[in-house]
Amino acid sequence: MGDIISGRLEALRMKMRDSGVSATVIPQSDPHQSEYLASHWQARRYFSGFTGSAGTLVVTMSDAMLWTDSRYFIQASSQLSGSGIGLMKDGLAGTPSINAWLAANMVRGGVVGVDGWLVSAEAARSMESALAQYDLKLDMEFDPVDGLWADRPALPKGEIFVHELKYAGESACEKIGRIREALAGRMVKSVFISALDEIAWTLNIRACDVKCNPVATAFLYVGLTECVLFVDGDKLTAGVSAHLAEAGVRTRGYDGVADFLAGLPGDERVLIDAGKTAAVVACMLGDRVVEGECPVAMMKARKNAVQIDGFRHAMVRDGVALTEAFAEIDRRMREGVRTTELDVADILREKRSAQDLFFDESFDTIAGHGPNGAIVHYSATEETNAELRRGNLLLVDSGAQYLDGTTDITRTISLGDATALQKRDFTLVLKGMIALDMAVFPAGTRGVQLDVLAHQYVWRGQNNYLHGTGHGVGHFLNVHEGPQTIRNNNNMTPIAEGMVTSDEPGLYREGVHGVRCENLILTVKASPVAHGDGAPFLKFETLTLFPFDTTLIDMDLFTAEERAWLNGYHERVKAAIMPHLNDDMSRQWLEKATKAI
């Protein structure tokens with residue numbers, strides 16, 4: 001693979017030379033600033049060979065470097081080997097920013113090329129300002145892919161379908177009405193929405209354009225009197241067209257954005273989220289732009305009663321599938337049946353796909369055995385596929401898309417003969433997960449203020465994990481969604497009632513093992529009355545229903561309060577899941593797994 005990547009980089013440098021570009025920045029992005037991309041937009045993967053969902057490639061005439069975060073340090077190091085591309089470990093002290101590195105490695109007066117569709121307005125502005133300090137220019141019309149990626153996949157052509165009201169809980173017409181009310185309050189006449197999950201939520205539409213994320217490739221304009229969806233007409237069925245028309249939405253081609261925006265009145269003020277909107281779009285709008293958070297982000301994050309009920313039902317079905325899957329894995333281990341990481345993923349998919357309302361996985365299953373568990377976003381391949389063996393830990397992070405909810409769960413289990421270190425690491429992580437789950441906090445509290453609850457026990461052991469503790473989860477939408485997070489950085493969005501967020505601390509020892517425990521939690525009122533300054537207090541309701549491996553708990557480190565929490569949780573899991581199990585093996589496995597400690 002190294003020779004192939006080297007050849008692609010050389011062709012890219014020839015194009016750069018012909019275009020007068022000294023360096024090019026290739027982000028992992030699309031015109032919608034998505035985290036997960038359709039194959040058509042995987043330019044960074046094409047030029048680097050790195051398959052992680054986060055990272056930016058920078059290429060100059062003499063060097064190539066890839067920036068990625070801690071989730072992918074081990075994976076990137078392996079996949080970049082032999083390619084001539086260096087690894088920049090983003091977030092670590094001593095790692096320069098991309099702009100600083102460019103300034104140190106380019107001659108003054110040089111030009112940095114980037115595709116303006118693949119960088120947000122916010123990022124482009126920041127980059128342009130930073131580069132100008134070093135007399136470097138930014139060219140947003142440089143497309144590194146054009147003419148070089150001969151077999152580039154086409155844009156997704158799959159049909160859109162309607163997410164029915166019985167699952168969504170609110171009609172598209174009602175949502176558009178709420179958006180218009182929010183616009184009037186901000187003194188703007190319209191909002192231009194690029195984020196695919198926000199468009200899908202607003203219009204109650206879904207598709208299969210991005211693997212595991214049921215979104216449709218489109219843009220959406222919502223004005224006070226007009227609503228326009230920019231989408232490939234071949235993706236619209238008669239039923240979807242009727243659904244959109246009923247909501248007052250008309251359609252134009254996906255490539256019709258430029259002409260439409262150019263035709264807007266010069267005095268129209270158009271709201272955009274500068275972090276989710278391509279720089280090119282902001283340039284098209286010019287002085288008409290008003291930057292701010294799209295009102296859809298918070299509306300979508302706070303689930304309604306129908307969605308919450310759907311999540312609860314989906315968790316039961318997911319718990320049944322997981323119980324059947326882990327009982328099968330346990331049987332295979334006891335009987336000496338060869339079982340690999342890929343087998344684990346296959347078993348999970350088989351059991352989930354048998355459940356009602358199953359649509360797809362919510363992301364590719366992470367099944368990391370032993371040292372592979374220390375690779376945070378590990379993905380087993382035929383080359384790395386490890387066989388499960390006693391004495392090791394197995395970390396399984398998986399999830400599903402059901403029509404009534406999205407799931408995301410991580411469990412770390414012992415494959416027998418657990419060591420003292422394995423138990424200690426697992427217990428510290430589980431203690432942090434429980435501490436966050438048990439939190440009670442005033443409305444207005446942000447994720448950064450809660451993050452220490454999950455980190456505290458890992459820190460006491462002078463260990464750390466660099467990924468976020470919690471991310472928002474969509475309702476039959478993206479498994480990663482905002483605007484809320486629980487992590488050690490200053491996201492100003494408060495954790496609000498109705499939000500579904502992950503709770504997933506971890507601890508990773510490179511070359512040894514990884515531990516992560518994850519449940520999804522719903523923010524609810526702690527009591528019906530306000531306290532103190534009048535703000536209500538909030539707490540979390542655990543949605544996920546599946547046991548933890550109690551054989552990995554070091555009871556000397558576990559408090560009575562934590563034991564009571566875990567026993568109570570396991571009683572709830574057993575009561576919810578047992579009635580739906582039809583085979584003795586699964587019932588016996590669950591009975592044992594939920595036994596009080």
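The values are calculated or read from the model by the stated rules, or taken from the named source; none is laboratory data. All of these numbers come straight from a predicted model, not from anything done at the bench. Ideal geometry is used to build each Cβ from the backbone, glycine not excepted, and the neighbour counts take in all protein chains shown. Accessible surface areas use protein heavy atoms only, side chains included; no ligands, DNA or RNA. Shrake-Rupley method; radii C 1.70, N 1.55, O 1.52, S 1.80 Å.
Listed values, structure above:
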read-out: Cβ pairs under 6 Å, 6+ apart, first in segment 16-29 and touching a residue at least 24 places away in the same chain (Cβ under 8 Å) and under 18 Å from Asp135 (Cβ atoms), second surrounded by 16 or more Cβ atoms within 10 Å (Cβ to Cβ) and among the aromatic types (Phe, Trp, Tyr); value: Val21/Phe142
read-out: In segment 345-397, residue nearest to Thr412 (Cα to Cα) [restricted to those that are aromatic (Phe, Trp, Tyr) and open to solvent by 20 Å² or more (accessible area, probe 1.4 Å)]; value: Phe363
read-out: Any hit, segment 204-211, residues being touching a Ser or Thr at 6+ places or on another chain (Cβ under 6 Å) and either in a helix (DSSP H, G or I) or closer than 16 Å to Thr237 by Cβ (or both); value: yes
read-out: One residue from Ala305, Ala314 being closer than 25 Å to Glu198 by Cα, in contact (Cβ under 8 Å) with a residue 60 or more places away in the chain and surrounded by fewer than 16 Cβ atoms within 10 Å (Cβ to Cβ); value: Ala305
read-out: Residue tally, condition outside any helix (DSSP H, G or I) and either among the acidic types (Asp, Glu) or surrounded by fewer than 21 Cβ atoms within 10 Å (Cβ to Cβ) (or both), over segment 248-269; value: 12
read-out: Residue match in segment 87-110 (condition: touching a Lys or Arg at 6+ places or on another chain (Cβ under 9 Å), surrounded by 20 or more Cβ atoms within 10 Å (Cβ to Cβ), touching a residue at least 24 places away in the same chain (Cβ under 8 Å) and among the small types (Gly, Ala, Ser)); value: yes
read-out: Out of Glu122, Glu128, sole residue that is touching a strand residue (DSSP E or B) at 6+ places or on another chain (Cβ under 6 Å) and open to solvent by 40 Å² or more (accessible area, probe 1.4 Å); value: Glu128
read-out: Strands (runs of 3 or more DSSP E) contained in segment 399-447 and holding at least 1 residues aliphatic (A, V, I, L, M) and open to solvent by 10 Å² or more (accessible area, probe 1.4 Å); value: 409-414, 440-442
read-out: Boolean, Leu224 is surrounded by fewer than 18 Cβ atoms within 10 Å (Cβ to Cβ), touching a residue at least 24 places away in the same chain (Cβ under 8 Å) and touching a Lys or Arg at 6+ places or on another chain (Cβ under 9 Å); value: yes
read-out: Members of segment 144-157 that are under 16 Å from Asp18 (Cα atoms) and open to solvent by 50 Å² or more (accessible area, probe 1.4 Å); value: Asp146, Gly147
read-out: Those residues of segment 457-470 which are surrounded by fewer than 24 Cβ atoms within 10 Å (Cβ to Cβ) and outside any loop (DSSP other than H, G, I, E, B), in sequence order; value: Tyr457, Val458, Trp459, Arg460
read-out: Exclusive hit being of a type outside the set (S, T, N, Q), in contact with a Pro (Cβ under 8 Å, 6 or more places away or on another chain) and closer than 23 Å to His40 by Cα, set Ala195, Ala258, Ala218, Ala278; value: Ala278
read-out: 1 or more residues open to solvent by 10 Å² or more (accessible area, probe 1.4 Å): qualifying strands (runs of 3 or more DSSP E) within segment 492-597; value: 506-509, 519-531, 535-542
read-out: Selection from segment 193-223 of residues that are of a type in the set (Phe, Trp, Tyr) and in contact with a strand residue (DSSP E or B) (Cβ under 8 Å, 6 or more places away or on another chain); value: Phe219, Tyr221
read-out: All helices (runs of 4 or more DSSP H) inside segment 293-371 with 3 or more residues being closer than 30 Å to Leu271 by Cβ and modelled with pLDDT of 95 or more; value: 295-301, 305-334
read-out: Sole residue being β-branched (Val, Ile, Thr), surrounded by 15 or more Cβ atoms within 10 Å (Cβ to Cβ) and either under 30 Å from Pro27 (Cβ atoms) or in contact with a Lys or Arg (Cβ under 8 Å, 6 or more places away or on another chain) (or both), chosen from Ile176, Ile160; value: Ile160
read-out: Matching residues, segment 211-220, being surrounded by fewer than 21 Cβ atoms within 10 Å (Cβ to Cβ) and at negative phi; value: Lys211
